[in-house]
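Chemist: Let me begin by handing over the structure; questions about it come next.
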Amino acid sequence: MSEKVNVMIVDDHDMVRMGLKTYLMLEPTFHVMGEASNGQDVLDRLRKLDKSELPDLILMDLMMPVMNGAEATQAIMTEFPGMKIVMLTSFLEDDLVVQAIEAGAVSYVLKTVSAEELIYALQGAYRGMPVMTGDVSQALTRGIRQRTARENESGLTEREKEVLLLIAEGKTNKDIGEELHISIKTVKTHVSNLLMKCELDDRTQLAIYAHRQGWVKNKS
């Protein structure tokens with residue numbers, strides 16, 4: 001790789017960001033052009049940049065306060081289509097791997113990888129080629145199977161169930177869109193699908209249905 005690749009590092013721990021920056025200094029083609037402490041922070045920073053100033057890659061931690069990596073990835077891909085994001089995390093929970101990839105991350109890398117493996121993953125992501133270790137690939141496969149089983153059981157997708165639970169909390173379409181980082185049009189589509197799948201007539205009936213299924217947790 002001869003061209004300079006600008007990378008933004010997103011992690012809520014200062015020492016981790018420092019370590020990652022040190023790793024990237026081993027590869028002269030990478031330049032760390034910015035840092036952020038959580039998903040909302042990186043989103044705010046990207047919004048302040050001109051198109052020509054945007055990073056080529058974002059190295060994103062998954063578990064962060066305020067807005068986690070999967071949520072941030074989904075929001076970034078909505079506002080900045082084509083952005084290449086590599087998820088870096090200590091966690092290998094099946095559902096989290098699926099969430100990260102579905103949100104739009106090119107690759108999912110564990111923090112236990114070596115500097116050389118991290119550089120390889122970033123180089124692959126820059127070229128648009130997903131890079132995952134065997135453990136991550138297996139977790140992705142398991143997560144997809146588990147999600148499929150859950151969908152078959154209830155007939156609802158995970159996103160539809162999220163929308164349903166927010167309806168049960170009395171949220172408006174606008175509230176739901178903001179919380180899930182999706183457009184109001186997309187929310188309306190999910191609501192229509194819910195009404196059809198549950199064979200119900202309105203939002204009130206959907207809320208009652210969610211409570212009867214035991215999906216709504218009582219807040220103390």
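Chemist: Answer yes or no as to whether Glu71 is of a type in the set (D, E, K, R), open to solvent by 20 Å² or more (accessible area, probe 1.4 Å) and either modelled with pLDDT of 90 or more or within 26 Å of Ser183 (Cα to Cα) (or both).
Modeler: Spelling it out, Glu71 is indeed of a type in the set (D, E, K, R), open to solvent by 20 Å² or more (accessible area, probe 1.4 Å) and either modelled with pLDDT of 90 or more or within 26 Å of Ser183 (Cα to Cα) (or both).
Chemist: Still on this structure, please answer the following. Mind listing just one residue for me: the one in the stretch 14-42 that is without any contact (Cβ under 8 Å) to a residue 12 or more places away in the chain and part of a loop (DSSP other than H, G, I, E, B) and, of those, most open to solvent (accessible area, probe 1.4 Å)?
Modeler: Checking each candidate, the answer is Met25.
Chemist: In the list Lys174, Lys197, Lys217, which residue meets the criterion of being modelled with pLDDT of 90 or more and open to solvent by 60 Å² or more (accessible area, probe 1.4 Å)?
Modeler: Lys174
Chemist: If you don't mind, another one. Within the stretch 1-13, track down each residue that is among the aliphatic types (A, V, I, L, M) and surrounded by fewer than 18 Cβ atoms within 10 Å (Cβ to Cβ).
Modeler: Met1
Chemist: On to the next question. Is it true that Val187 is surrounded by 14 or more Cβ atoms within 10 Å (Cβ to Cβ) and either in contact with a strand residue (DSSP E or B) (Cβ under 9 Å, 6 or more places away or on another chain) or at pLDDT 90 or above (or both)?
Modeler: Here the answer is yes, as Val187 does meet what is asked.
Chemist: Scan Leu156, Leu165, Leu140 and give me the residue that is surrounded by 14 or more Cβ atoms within 10 Å (Cβ to Cβ) and at pLDDT 90 or above.
Modeler: It is Leu165.
Chemist: Report whether or not Thr112 is open to solvent by 50 Å² or more (accessible area, probe 1.4 Å) and either closer than 27 Å to Glu162 by Cα or assigned to a loop (DSSP other than H, G, I, E, B) (or both).
Modeler: When the stated conditions are applied, Thr112 passes them.
The values are calculated or read from the model by the stated rules, or taken from the named source; none is laboratory data. If you're wondering where the values come from, they're calculated on a predicted model, not measured in any experiment. Please note: Cβ atoms are built from the backbone with ideal geometry, for glycine as well, and neighbour counts cover all protein chains shown. These area figures cover heavy atoms from the full protein model, side chains too; ligands, DNA and RNA do not enter into them. Shrake-Rupley method; radii C 1.70, N 1.55, O 1.52, S 1.80 Å.
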